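The values are calculated or read from the model by the stated rules, or taken from the named source; none is laboratory data. Predicted model, so just to flag it, every value in this text is computed and none were measured. Cβ placement follows ideal geometry from the backbone for every residue including glycine, while neighbour counts extend to all protein chains displayed. Accessible surface is based on the protein model in full, side chains and every heavy atom, while ligands, DNA and RNA are left aside. Shrake-Rupley method; radii C 1.70, N 1.55, O 1.52, S 1.80 Å.
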Number of protein chains: 2
Amino acid sequence: MTNRLSLNTMTVRKSTLSEAVDGAARHGIPAVGLWRDRVAEAGVDRAAKLVRDAGLRVSTLCRGGFLTGPDVAAILDDNRRAIDEAATLGTRELVMVVGGLPHDVAEGSRDLAGARARVADRLADLAPYAASRGIRLVLEPLHPMYVADRAVISTLGQALDLAAPFDPSAVGVVVDTFHVWWDPDLATQVERAGREARLASYQVCDWLHPIAADPLLSRGMMGDGLIDFAAITGLVANTGYAGDVEVEIFNAEVWASDPNDVLATMIQRYDALVAPALQIG
Amino acid sequence: MTNRLSLNTMTVRKSTLSEAVDGAARHGIPAVGLWRDRVAEAGVDRAAKLVRDAGLRVSTLCRGGFLTGPDVAAILDDNRRAIDEAATLGTRELVMVVGGLPHDVAEGSRDLAGARARVADRLADLAPYAASRGIRLVLEPLHPMYVADRAVISTLGQALDLAAPFDPSAVGVVVDTFHVWWDPDLATQVERAGREARLASYQVCDWLHPIAADPLLSRGMMGDGLIDFAAITGLVANTGYAGDVEVEIFNAEVWASDPNDVLATMIQRYDALVAPALQIG
């Protein structure tokens, strides 16, 4: 049942890219989601070859973004590089974590509306280049507890509103269960994402309770937390989404475990909790 | 400028009710928001007399709620008691923290939709009694990071949807800056709350960054965090809201400080950051 499963390299953070790719291949996982740090370590051309030689596909590149700061030239430069890397790696989907309040700007550091406007401006700057390279900028709504420092996009509806001016082949959205499971408007907005042809990626991990002392590391293995994966996966499946399902876990305990055990557990939980709901109901 | 300021007893958690009321009166604060623990310690009749004798009004009683559990009789009993207490204390507004996923129910503990349906059912049970006592059930959307254990209402729009079947004099909503500041739909929903005559309370405190290790204690004094109080207060003022502005801070450092210093700082910050925006723009 793993034919749509993808291992995000963050889930096996200790592993080099080569080890992660090896592990995925040995466990019959057909795709990987790549973080740019692992790609940079290997070098982008070698990274592309590594994945290709293992017979895997790249579901997404994580991540571009951090668009809200004052240094527009540097932001555009870094994001164009990320677009180039995605093209070289052979994925269409570049996940964008758009950035929080610009803390480096003393003036206006509480200006949420301004930060959101800067995201819209930078998307307009970047979308033509992304389209020219065959890459889609995939907006990721992050849980509202990260609005200050990581993403001023907090809901799927807001991501779709920001994507609306652009062609769906240039700007899409990702549904990550951890970030959106609480949203009372989720069913409506997932359906809308499908209808508007913007659903570019589906990422799964669980919401642990209580929240970890470092909230960034509160993402858990499916089944260890409170998310109803059948319910959310069913919403995604009903849009006709036929892409990969990426498992992306930031968690100190998972990172400290043997990567082989992590992959085995991941496959078991995916098979039990996610895969059955992937068929259109 | 403190003529609409209200001290929530949680802000001076070390103080007895008598001390909190004394402090408010000495500092020229005309209202208090009462938590039921302080009321219970004093006894509800004595609490009512304490506040009345000090010449203060009660802006809200905090809190009823926790409606999602399986023991319906106990839930209704406790909330009817809270309604009675509010009536005795002379406030119209009973703040409702509606409860999270029912962890005591093994079956269905991941059923967010079910928990939300139970909130709607319990409101239907309680609204007639509240109306008969002249009390309004004030739904509080809590930050989405509390959806698991404290409130399955996460946005103001969702609170207004849940309130919609009931008369605005029986079921209202509260805007608490900490809980809603991130919401991309905030301006629209505050305007709607005013238009639908449901805006029953306005509570202020700041969002601290990073989030405290205990996320419940991450509420800060206005000005110590990232919230733009002029912007949100302006939205509230534009609805015509003419009620009190309650300062409710859960914060270990604030709680460890001398309550007189806390009140002095609170007034200073309120005057600088909140009060100027309270006039209709």
Q: Would you mention how many residues in region B:120-146 are aliphatic (A, V, I, L, M), within 11 Å of chain A (Cβ to nearest Cβ) and within 27 Å of B:Glu85 (Cα to Cα)?
A: 1
Q: For region A:102-110, indicate whether the set of residues that are modelled with pLDDT of 95 or more and open to solvent by less than 10 Å² (accessible area, probe 1.4 Å) is non-empty.
A: no
Q) Looking at region B:29-79, which of its residues are touching a residue at least 40 places away in the same chain (Cβ under 8 Å), of a type in the set (A, V, I, L, M, F, W, C) and surrounded by 15 or more Cβ atoms within 10 Å (Cβ to Cβ)? A) B:Ile29, B:Ala31, B:Leu34, B:Val39, B:Val44, B:Ala47, B:Ala48, B:Cys62, B:Leu67, B:Ile75, B:Leu76
Q: Being surrounded by fewer than 20 Cβ atoms within 10 Å (Cβ to Cβ) and more than 12 Å from chain B (Cβ to nearest Cβ) narrows it down to one of A:Ala272, A:Ala230, so name that one.
A: A:Ala272
Q | Matching residues in region B:239-265 - criterion: being out of contact with any helix residue (DSSP H, G or I) (no Cβ under 7 Å at 6 or more places or on another chain) and not small (Gly, Ala, Ser) | A | B:Glu246, B:Glu253, B:Trp255, B:Asp258, B:Asp261, B:Thr265
Q.
Yes or no: region A:238-248 includes at least one residue that is farther than 26 Å from B:Ile153 by Cβ and more than 17 Å from the chain's Cα centre (by Cα).
A. yes
Q. Are any residues in region A:241-263 open to solvent by less than 50 Å² (accessible area, probe 1.4 Å) and aliphatic (A, V, I, L, M), and if so, which ones?
A. A:Val245, A:Val247, A:Ile249, A:Val254, A:Val262, A:Leu263
